[in-house]
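The structure appears right after this line, and notes come after that.
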Protein chains: 2
Amino acid sequence: MVNSNNRPLILVTNDDGHKAGGLEKLIGLAAEFGDLVVISASESQSGRSHAITIKDPIKYKMVEEREGYTRYLVKGTPVDGVKLLLCSLLDRHPDLILSGINHGTNSSTSVVYSGTMAAAIEGAIHHIPSIGFSLLDYRPNADFDAAEAHIRHIIYKAINAGLPKGVCLNVNIPAVPEKELKGIKVCRQTNGYWEEQFQEREDPRGSKYAWLTGSFTNREPEAVDTDEWALKNNYISIVPVKTDLTAHEVIPRIRDWEEKRQTSEKERKI
Amino acid sequence: MVNSNNRPLILVTNDDGHKAGGLEKLIGLAAEFGDLVVISASESQSGRSHAITIKDPIKYKMVEEREGYTRYLVKGTPVDGVKLLLCSLLDRHPDLILSGINHGTNSSTSVVYSGTMAAAIEGAIHHIPSIGFSLLDYRPNADFDAAEAHIRHIIYKAINAGLPKGVCLNVNIPAVPEKELKGIKVCRQTNGYWEEQFQEREDPRGSKYAWLTGSFTNREPEAVDTDEWALKNNYISIVPVKTDLTAHEVIPRIRDWEEKRQTSEKERKI
């Protein structure tokens, strides 16, 4: 790993594969702040979530190395790539992990399906400040330039102010021209869900199959402190995302199940 | 869907594939409480997390149908299977989703990698009471009988007391004989992480690949309110898991980044 100076070491990855325009944009912006190690998959890993490859070996190769820049290709999921660097290929932890810029939204519930966000969450599990960036435009030639001043600001703050351990950021960017971007809103995840419309087909031998397509339902369209509201109103949304999934406030209610059970068992014995 | 009576409709799934002993055990226990619709993958989906199949079609077939019992095989991830039933094959939402019993632990951070828990989380996203069960024994012939009275109790309570919307349960069971099981502890997720040891190899043509193996580090081995502590002390652990990943307590700190930026921008203008 080439890192002979005091510049921050930044890991850059994505889930759209190594040819994605969003990755190239993020590499360009990240290089202003530090030395880079880039890892990306040879094919798109959209929707792979936090999947890891257990039953097959993970193939990888270094494809570029120069002062302050090392790049790997991996045949695996985004989390495989992050783990490979953190636990094997790097001789020290990076100071920051940046994932994206994803071609398409990862707001609201999409955070759980997203390979982009899984890479950032994996960083947070290892207590490394990590950010996933997504632009609400699925097209390969999406315009990643409009928000670049804001992305720079977010990277700068993450490096200089840091992030709490076990927390990463989910940054989504509306697909509007620069002059229509109103700024940044720090929000909570919208309560919503994807309702799938399976397009059912039959193959020539009569076997059934379905194509998964979906539409998003926002359960709280009126709420103004959510990422969906921010994005609809041309703000960049930042949701801090935690790796502790415990519903702490629900623990007493479930404990109550157990206490009632023990009481009734004691009563039966009497 | 055969459901002509007033029995609860229970969706049963897993991530170890349709031949897993843990799935058969769960089907047997669930059938005591309601009519079943079972969906499982033809091959193991361990470590697939919340992955969904976007670029390929999802193949499926009904393999069994009798009074109160319908069974499907799917070529897809656990979440694909749950979505296929919820959004397409069933004419009403099930009253309960049960996933497992997984062969191997899904405690602590493993919840984010787990296909078993992803199926339960998908249920919670759709506001259906959902539970993932895992036994801390990876072997195909693991003994799923020791905890059956406790599993019955948990299913009974979930049906009769319900669960808060957007919350599911992560139940892990220590691999000990029935008489050594001390009971149930309702816990929080342990702060820990998997450190991977990549076993690196070279194929005959000189290309590099690595096998992912890992060991778990508990960052808080002394804490007594965690799932790891419960399991080490022969208790079944229940962690309520939420689908809102927002780190709400961190929002003010990140908002502060923005306020300072706006102040300094205003100062520059003056």
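Derivation of every value follows stated rules applied to the coordinates shown; laboratory data play no part. Since the structure is predicted, the reported quantities are computational estimates derived from the model, not experimental observations. When we count neighbours, we look across all protein chains shown, and the Cβ atoms used for this are built from the backbone with ideal geometry, even at glycine.
Counting Cβ atoms of other protein chains within 10 Å of each Cβ in B:249-260 and taking the mean gives 6. From most to least packed by mean Cβ count within 10 Å, the peptides B:176-182, B:243-249, A:98-104 give A:98-104, B:243-249, B:176-182. Considering only beta bridges that DSSP places wholly inside chain A, some 45 percent are antiparallel.
The relative contact order of the stretch B:145-270 comes to 31 percent, based on Cα pairs under 8 Å that sit 6 or more residues apart.
Among beta bridges from DSSP that stay inside the protein assembly as shown, the antiparallel ones total about 50%. Scalar couplings 3J(HN,Hα) for the stretch A:47-63, obtained by applying the Karplus form with A = 6.51, B = -1.76, C = 1.60 to θ = phi - 60°, are x, 7, 6, 8, 4, 10, 9, 9, 8, 10, x, 9, 8, 7, 8, 7, 10 Hz; x denotes Gly and Pro. Taking A:Gly34, A:Gly68, A:Gly206 in turn, the Gaussian network model of chain A (Cα-Cα springs below 10 Å) assigns the largest fluctuation to A:Gly206. A straight line joining the Cα centroids of the stretch A:40-63 and the stretch A:145-214 runs 20 Å. Averaged over the residues of peptide B:235-244, the number of Cβ atoms from other protein chains lying within 10 Å of each residue's Cβ is 6.
Can you sort B:Phe144, B:Phe33 from fewest to most other Cβ atoms within 10 Å of each residue's own Cβ? Present the calculation step by step, with values, prior to reporting the outcome.
Numbers: B:Phe144 25, B:Phe33 19.
The order, fewest Cβ neighbours first, is B:Phe33, B:Phe144.
Calculated [222 nm] ellipticity per residue, helices only, for the protein assembly as shown: -7500 deg cm²/dmol; basis is -39500 (n - 2.57) per DSSP H run with n ≥ 4, divided by all residues, nearest 500. Around A:Lys55, what is the net charge, scoring Lys/Arg as +1 and Asp/Glu as -1 over all other residues with Cβ under 11 Å from its Cβ? Here the charged neighbours net out to -1. With K and R counted +1 and D and E -1, the other residues having a Cβ less than 15 Å from that of A:Ala223 yield a net charge of -2.
Over all other residues within a Cβ to Cβ distance under 13 Å of B:Ser207, the charged ones net out to +3, with Lys and Arg as +1 and Asp and Glu as -1. Note on B:Thr13, A:Thr190, B:Thr105: ascending count of other Cβ atoms within 10 Å places them as B:Thr105, A:Thr190, B:Thr13, the fewest first.
Per-residue counts of other Cβ atoms within 10 Å, averaged by peptide: what ranking do you get for B:79-88, B:53-62, A:116-125, highest first? Each step should come with its number before you reach the end.
Working: B:79-88: 24.2, B:53-62: 16.7, A:116-125: 29.4.
Ranked by mean Cβ neighbours within 10 Å, highest first: A:116-125, B:79-88, B:53-62.
Legend: mean number of C-beta atoms from other chains within 10 angstrom of residue C-beta atoms, peptide B:192-202, equals 4.
Relative to the other identical copies, A:His93 shows label-point distances of 3.9 nm, where the label point lies 7 Å from Cα along the Cβ direction and values run shortest first. Any idea what the relative contact order of the stretch A:58-97 is, in percent, if you count C-alpha pairs under 8 Å spaced at least 6 apart? Relative contact order for the stretch A:58-97 comes out at 28 percent.
What the phi angles of the stretch A:69-76 give under the Karplus curve with 6.51, -1.76 and 1.60, with θ = phi - 60°, is a coupling list of 8, 10, 9, 10, 10, 10, 9, x Hz, glycine and proline written as x.
Among B:Leu73, A:Leu135, A:Leu169, which comes first, then next, by fewest other beta-carbon atoms within 10 Å?
Details: B:Leu73 18, A:Leu135 28, A:Leu169 24.
Exposure proxy ranking, most exposed first: B:Leu73, A:Leu169, A:Leu135.
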